[in-house]
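One structure is given below, encoded as structure tokens.
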Amino acid sequence: MAVVMLEGVEQQVSNIFCIGRNYAAHVAELGNQLEEEPLVFLKPTSSLTRSGRDIVLPAYSSDVHHECELVLLIGKGGSDIAVADALSHVAGVGIGLDLTARDVQSEAKQGGKPWTKAKGFRHAACVSDFVAASRLELAKPFHFSLQVNGATRQQGDTSLMLYPLAIIISYLSQTYGLTAGDLVYTGTPQGVAALHAGDVLHLQLDGVLSADWTVAA
């Protein structure tokens, strides 16, 4: 059973939704096109890895990239949630990594195949503990960052999202339906790069929380 921690209390994870291409600068750095609606993919719950545990990179890839993201924990599910009500469905806010086997993803895209092998391997969904949404102002922008071996690699500002948090929640509810315990990875800013054995990663969210991982040798 996959669980995350919300204010020190275990929460069972249902689905893991991820939003791709949600920052224009990241779309540009990978040479992709902007999407006319949120680009959604899923990760299995077996890919979840909480802060403090080692990241084991898949043997079948030689180019696994970090993608630092704001992560939402859904507290109240629903279908056809209105944008105006969407943020009230969030139970907690955290930070995480959507790890991507870029070489495997590129091959899959060229062949018109699914991305699951590139996005769903063990340790591919790293996530911090969660801060209760009731303690935060969800309508205001969040700032987050990733340092690798002490050097800043990524800095995010949710005001730059192509699809803001409320729109993402509403869209997911209309298209798939949301369930209590769902995690939503909301997209990564520019600065993605390859990870290597021994790398030490430090993620920070607005000074509210942080998370750390080390890539196993």
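Taking into account only those residues within the stretch 165-190 that are surrounded by fewer than 20 Cβ atoms within 10 Å (Cβ to Cβ) and either within 19 Å of R153 (Cβ to Cβ) or in contact with a helix residue (DSSP H, G or I) (Cβ under 8 Å, 6 or more places away or on another chain) (or both), which is modelled with the highest pLDDT?
Restricting to residues being surrounded by fewer than 20 Cβ atoms within 10 Å (Cβ to Cβ) and either within 19 Å of R153 (Cβ to Cβ) or in contact with a helix residue (DSSP H, G or I) (Cβ under 8 Å, 6 or more places away or on another chain) (or both), the top hit is I167.
For residues that are without any contact (Cβ under 8 Å) to a residue 24 or more places away in the chain and closer than 21 Å to V192 by Cα, tally how many sit in the stretch 67-103.
0
If you take the residues in the stretch 119-131 that are buried (at least 19 other Cβ atoms within 10 Å of the Cβ) and over 14 Å from the mean Cα position of the chain (by Cα), which one is nearest to H89 (Cα to Cα)?
Ranking the candidates gives V131 first.
Which of the following residues is in a strand (DSSP E or B) and of a type in the set (A, V, I, L, M, F, W, C): A211, A217?
Numbers: A217 fails: in a strand (DSSP E or B).
Criteria check complete, one pass: A211.
Please pick out the residue among T188, T158 that is under 19 Å from F41 (Cα atoms) and under 15 Å from the mean Cα position of the chain (by Cα). Break it down into steps so the answer makes sense when it comes.
Values: T158 fails: under 19 Å from F41 (Cα atoms).
From the options T188, T158, the qualifying one is T188.
Only one residue in F17, F41 is of a type in the set (F, W, Y) and more than 14 Å from F121 (Cβ to Cβ), so which one is that?
Only one candidate passes the filter, namely F17.
In this structure, is V64 in contact (Cβ under 8 Å) with a residue 60 or more places away in the chain and farther than 25 Å from Q174 by Cβ? If you could, list the steps in order and put the result at the bottom.
Numbers: in contact (Cβ under 8 Å) with a residue 60 or more places away in the chain: yes; farther than 25 Å from Q174 by Cβ: yes.
Spelling it out, V64 is indeed in contact (Cβ under 8 Å) with a residue 60 or more places away in the chain and farther than 25 Å from Q174 by Cβ.
For the condition buried (at least 16 other Cβ atoms within 10 Å of the Cβ) and farther than 22 Å from F41 by Cβ, what is the one hit in S134, S145? Write out each step before concluding.
Details: S134 fails: buried (at least 16 other Cβ atoms within 10 Å of the Cβ).
Answer to the selection: S145.
Among residues belonging to the stretch 85-118 that are touching a strand residue (DSSP E or B) at 6+ places or on another chain (Cβ under 7 Å) and over 20 Å from F41 (Cβ atoms), point out the one that is surrounded by the fewest Cβ atoms within 10 Å (Cβ to Cβ).
Filtering first and then ranking leaves A91.
For K76, only one of the following conditions fails: (1) under 15 Å from the mean Cα position of the chain (by Cα); (2) modelled with pLDDT of 95 or more. What is its number?
Of everything listed in (1) under 15 Å from the mean Cα position of the chain (by Cα); (2) modelled with pLDDT of 95 or more, K76 misses just condition (1).
Condition (residue is more than 24 Å from A217 (Cα to Cα), in a loop (DSSP other than H, G, I, E, B) and modelled with pLDDT under 95) applied to the stretch 19-28: is it met by at least one residue? Walk me through it before giving the result.
The first filter runs over the stretch 19-28 and keeps only residues more than 24 Å from A217 (Cα to Cα), leaving 19-28.
Restricting the remaining residues to those that are in a loop (DSSP other than H, G, I, E, B) gives 21-22.
Keeping just the survivors that are modelled with pLDDT under 95 gives 21-22.
Checking the stretch 19-28: at least one residue is more than 24 Å from A217 (Cα to Cα), in a loop (DSSP other than H, G, I, E, B) and modelled with pLDDT under 95.
The values are calculated or read from the model by the stated rules, or taken from the named source; none is laboratory data. Every value quoted in this text rests on a predicted model; they were computed, and no experiment measured them. Neighbour counts run over all protein chains shown; Cβ positions are idealised from the backbone, glycine included.
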